[in-house]
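The values are calculated or read from the model by the stated rules, or taken from the named source; none is laboratory data. A quick note: this is a predicted structure, and the numbers were derived from the prediction, not measured. Note that we place each Cβ from the backbone using ideal geometry, even for glycine, and neighbour counts take in every protein chain shown. Protein only, heavy atoms only, side chains kept; ligands, DNA and RNA dropped before computing areas. Shrake-Rupley method; radii C 1.70, N 1.55, O 1.52, S 1.80 Å.
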Amino acid sequence: ERASPNELWQMDFKGHFGLGNGQRCHALTVLDDHSRFLVGLRACPDETQVTVQTHLTDLFRQCGLPAWMLMDNGAPWGDDAETRQTRLTVWLLRLGIGVSHGRPYHPQTQGKDERLHRTLHAEVLRWVSPYDLLDCQACFDPWRTLYNTQRPHEALGLQPPSARYLPSPRPFPETLPPLFYRPDDCLRKVDHYGKISFRNRPWRVGRAFGGQQVALRPDALQEGLFHVFFGDFEIHSLNLKDSLC
């Protein structure tokens, strides 16, 4: 458990389920690790980057930015086999939010969110038959309020999550902030294929970073090893002794 609110948010989709109109609902959940506060519970039509980014933008405007976010390896936040980063997680990094992915096939990494999903199913989904997404959201909203403000949580000494949660002091920037690097950084632009050129060789960084600028910094202890940074976050490393990419 993190020491204070907004140090880490867990994010996941609960397994999708059918609606009365023939569509399916993909329930997006965003949970604060310290307080178990359910920051967001959204009825989504799909699991695309645009849908998730739209809902996260709304949550960031309401609650501020977390320091870090934990998610699994599924789309839309983990389907890049090269770096485990996607356009969505690159957007999070650009906002100054660190990104971690759970171990593949180990859902217990996000145990708090998994436990939430079981509670959501037991207390809401098994009892209702929503017709459409609006109907589904109308079921989610009052239960989220109940979960956050009234329902006692055993791990919190039978307090509700709202007793331990405060919004983040980091506001959501309506315009993406610029990337800042050190004066002695070696800067490179990632091409459309996710590669940079360094020491007359191509190196893979990841397609998700295409069009972005990254910085290379030599390792202080190992000669020939360079760390690749995107803003404040190390996203990759390259070793000049490796074979050609």
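The GluC sites (Glu not before Pro) found in segment 174-245 that occupy coil by DSSP, while having at most 14 further C-beta atoms within 10 Å, are GLU174, GLU223. Kirkwood's formula applied to the C-alpha pairs of segment 130-196 gives a hydrodynamic radius of 17.3 angstrom.
For ARG126 and ALA163 in one chain, what is 0.36 nm times their gap in residues minus the Cα-Cα distance, to one decimal in nm?
10.5 nm
Structural descriptor for segment 51-194: relative contact order 26 percent, calculated from alpha carbon pairs under 8 angstrom and at least 6 residues apart. Here the contact order of the chain, divided by its residue count and restricted to Cα pairs under 8 Å and six or more residues apart, works out to 18 percent.
If you roll a 1.4 angstrom probe over the protein chains with everything in place, what fraction of the accessible area of segment 93-245 belongs to carbon and sulfur, to the nearest %?
53
Taking label positions 7 Å along the Cα-Cβ direction at both ASN239 and ARG2, the computed distance is 3.2 nm, reported to one decimal. Taking Cα atoms only, the orientation of helix 111-120 departs from the longest principal axis of the chain by about 30 degrees. Normalising the average separation of contacting C-alpha pairs (under 8 angstrom, six or more residues apart) by the number of residues puts the relative contact order of segment 129-184 at 18 percent. Once all protein chains are placed together, HIS192 keeps about 140 Å² accessible to a 1.4 angstrom probe. Accessible area per residue for segment 24-84 is 33 Å², calculated with a 1.4 Å probe on protein heavy atoms, without ligands, DNA or RNA.
Extending 7 Å from Cα along the Cβ direction at TRP68 and again at HIS16 yields two label points whose distance is 3.1 nm.
Helix 133-149 against the longest principal axis of the chain: what's the angle in degrees, Cα atoms only, rounded to the nearest 10? Helix 133-149 sits at roughly 90 degrees to that axis. Calculated accessible area for segment 121-226 comes out at 65 Å² per residue, all protein chains present (probe 1.4 Å; ligands, DNA, RNA ignored). With the convex hull of the Cα atoms taken as the outline of the chain, the averaged projected area works out to 15.3 nm².
Computed on segment 1-72, the Cα convex hull volume stands at 94 Å³ per residue.
In whole percent, and with a 1.4 Å probe on the protein chains, what portion of the accessible area of segment 1-61 is carbon and sulfur? List each step's numbers first, then the result.
On the way: 980 of 2180 Å².
Looking at segment 1-61 in its full context, I get 45 percent from C and S.
Helix 49-63 axis versus longest C-alpha principal axis of the chain: approximately 70°, rounded to the nearest ten.
Descending by average beta-carbon neighbour count within 10 Å, the peptides 145-157, 161-173 line up as 161-173, 145-157, the highest first. Between LEU221 and ASP58, the simple spin-label model (points 7 angstrom out along Cα→Cβ) gives 4.7 nm.
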